[in-house]
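I have placed the structure first, in the form of structure tokens, so that the comments after it can refer back to it.
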Amino acid sequence: MAHVISTGSGVVLDLIRSAQATTRSDLIAQLGWSRITLARRLDELLNADIIVSAGQSDSRGGRPPEEFVVNKDAGLLLAMDIGGSHSRLAITDLVSNILLEDEADIGLSHGPDDIFDWSCQVFDHLLARLGKSRADVRGIGVGVPGPVDPTSGRIASPQVNAQWADVIVKDYFPDDFRAVFAVDRDVNILAIAEHRLGWPEHADAIVLKVGMGIGCGLVLDGRVYHGGRGGAGDLAHSPVGGDEECLCGRVGCLDTVASGRAIKRELHARGTSVRTSADIVELASSDHPGVAQILAHAGSQIGEALLDPVALLNPSAVVVGGNIAHAGAIFLDPIRERLLQDATTFSRRDLVVIPAKLGHQAGVIGASLIAQDALFEPDRISRLTREDDASLAKYGEK
């Protein structure tokens, strides 16, 4: 593990990014440093164009203190949320405000070659629209529908889709993308975005992404929990009964009765053809016969599968996102009813079951946030700003 430089500029940047301290006096109060030491670290960040002065903040009297913020315009972040049947891309500034985005019905089954070829073409097109190039990209964040080893960034093996096993995402981007890469499970980037920007009041939450598959992210004490090899939260393969074979090779997993794939299969059996999770939601919004019943059954099955995790982890919230969640109350209410009726008395007390707030953009916002975290990692920033040629142009590394 890298040694964290506790008096480095990265520690200062971390406080500014999180808005815990943005003025000299607040930073000194937080860090306990001398004014001279703080001034040196602020100069390092200012000279490298990492932060800028945002002018004066409100004051109760006297001269208003100078406030510092991240220089959001000093580069770009690329964000990618790969789903089971649909993927979304975005370009953001350095504080994860979306500038441009695009999407397509391309997903897990297309394999990494096709998906990353498509993404590079789209990113180049979007960069050109902004009058920018690959040289302006500082970080790239990618969400993938499967576990990611948190130490290596390698997509963990085995995967349900063998094409994705042991993939290293940055190897699929040309060398002139000299950026910092960050990769995580798609539901984890959703959880990061919803925790930080959607529901920050819930430091302990179970976050679901229900699309063609089912993903589950765990926010514990304000941080996403990954587990030893990146596979924490594997709700989709919880046994719920039934005789349908799952993609994982077992029989009776939750995914076989409550995922978008299961809903699609049931609709086909009833004579209705759909292709994506968005198609299912469109049928629901048009009051198509039978869709509400199928969605309600899926929601109830998910609620039942959550009973043990809710008892074990005692979250304050279950946040439900993903395309199927856009069906609204007909899907969300059965999850809530099953939990509030059947969860243990203590675990259901004050528990809320709530929709994700960030909608379709949650995944790309989360992907941008993990890229931002990697770019501005405190020890890394401390090292870079102590080098003579440190600048944002040097932040990327292939």
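The values are calculated or read from the model by the stated rules, or taken from the named source; none is laboratory data. The structure presented is a predicted model; accordingly, all values stated were derived computationally and were not measured. Cβ atoms come from the backbone with ideal geometry, glycine included; neighbour counts cover every protein chain shown. Accessible surface areas use protein heavy atoms only, side chains included; no ligands, DNA or RNA. Shrake-Rupley method; radii C 1.70, N 1.55, O 1.52, S 1.80 Å.
List of remarks:
- Search result, residues across the stretch 215-237 that are open to solvent by 10 Å² or more (accessible area, probe 1.4 Å), more than 18 Å from Gly84 (Cα to Cα) and in contact with a Pro (Cβ under 7 Å, 6 or more places away or on another chain): His226, Arg229
- Enumerated helices (runs of 4 or more DSSP H) restricted to the stretch 307-365, each holding at least 3 residues that are open to solvent by less than 20 Å² (accessible area, probe 1.4 Å): 329-342
- Of all residues in the stretch 175-191 being acidic (Asp, Glu) and within 16 Å of the chain's Cα centre (by Cα), the one that is surrounded by the most Cβ atoms within 10 Å (Cβ to Cβ): Asp186
- Residues being open to solvent by less than 10 Å² (accessible area, probe 1.4 Å) and not in a loop (DSSP other than H, G, I, E, B) - total across the stretch 370-389: 5
A quick yes/no check of all residues on (1) over 18 Å from Ile365 (Cβ atoms); (2) in contact (Cβ under 8 Å) with a residue 12 or more places away in the chain; (3) open to solvent by less than 10 Å² (accessible area, probe 1.4 Å):
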{"position": "Asp105", "(1), (2), (3)": "yes, yes, no"}
{"position": "Ile115", "(1), (2), (3)": "yes, yes, yes"}
{"position": "Trp118", "(1), (2), (3)": "yes, yes, no"}
{"position": "Gln121", "(1), (2), (3)": "yes, no, no"}
{"position": "Arg138", "(1), (2), (3)": "no, yes, no"}
{"position": "Gly153", "(1), (2), (3)": "yes, yes, no"}
{"position": "Lys170", "(1), (2), (3)": "yes, yes, no"}
{"position": "Ala193", "(1), (2), (3)": "no, yes, yes"}
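- Any hit, the stretch 73-85, residues being farther than 30 Å from Ala162 by Cβ, open to solvent by 30 Å² or more (accessible area, probe 1.4 Å), of a type outside the set (Val, Ile, Thr) and in a strand (DSSP E or B): no
- Qualifying positions in the stretch 195-214 - in a helix (DSSP H, G or I) and either open to solvent by 30 Å² or more (accessible area, probe 1.4 Å) or aromatic (Phe, Trp, Tyr) (or both): His195, Arg196, Leu197
- Number of positions in the stretch 238-279 that are out of contact with any strand residue (DSSP E or B) (no Cβ under 9 Å at 6 or more places or on another chain), of a type in the set (Val, Ile, Thr) and open to solvent by less than 20 Å² (accessible area, probe 1.4 Å): 3
- Selection status of Val240, farther than 13 Å from Pro147 by Cβ and touching a Phe, Trp or Tyr at 6+ places or on another chain (Cβ under 7 Å): no
- Cys248 fulfils the conditions (1) in a helix (DSSP H, G or I); (2) modelled with pLDDT under 95; (3) of a type outside the set (Ser, Thr, Tyr) except for a single criterion, (1).
Conditions tested, residue by residue: (1) at pLDDT below 95; (2) more than 21 Å from the chain's Cα centre (by Cα); (3) in a strand (DSSP E or B).
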{"position": "Ser53", "(1), (2), (3)": "yes, yes, yes"}
{"position": "Leu89", "(1), (2), (3)": "no, no, yes"}
{"position": "Leu100", "(1), (2), (3)": "no, no, yes"}
{"position": "His110", "(1), (2), (3)": "yes, yes, no"}
{"position": "Phe116", "(1), (2), (3)": "no, no, no"}
{"position": "Cys120", "(1), (2), (3)": "no, no, no"}
{"position": "Leu127", "(1), (2), (3)": "no, yes, no"}
{"position": "Ala135", "(1), (2), (3)": "no, yes, no"}
{"position": "Arg138", "(1), (2), (3)": "no, no, yes"}
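- Residues in the stretch 13-31 that are exposed (fewer than 13 other Cβ atoms within 10 Å of the Cβ) and under 15 Å from Ile50 (Cβ atoms): Ser18 only.
- Cβ-Cβ under 7 Å pairs, at least 6 apart or on other chains, the stretch 265-279 side under 15 Å from Met212 (Cα atoms), far side surrounded by fewer than 11 Cβ atoms within 10 Å (Cβ to Cβ): none
- The single condition among (1) farther than 17 Å from Ala179 by Cα; (2) at pLDDT 95 or above; (3) surrounded by 15 or more Cβ atoms within 10 Å (Cβ to Cβ) that Pro147 does not meet is (2).
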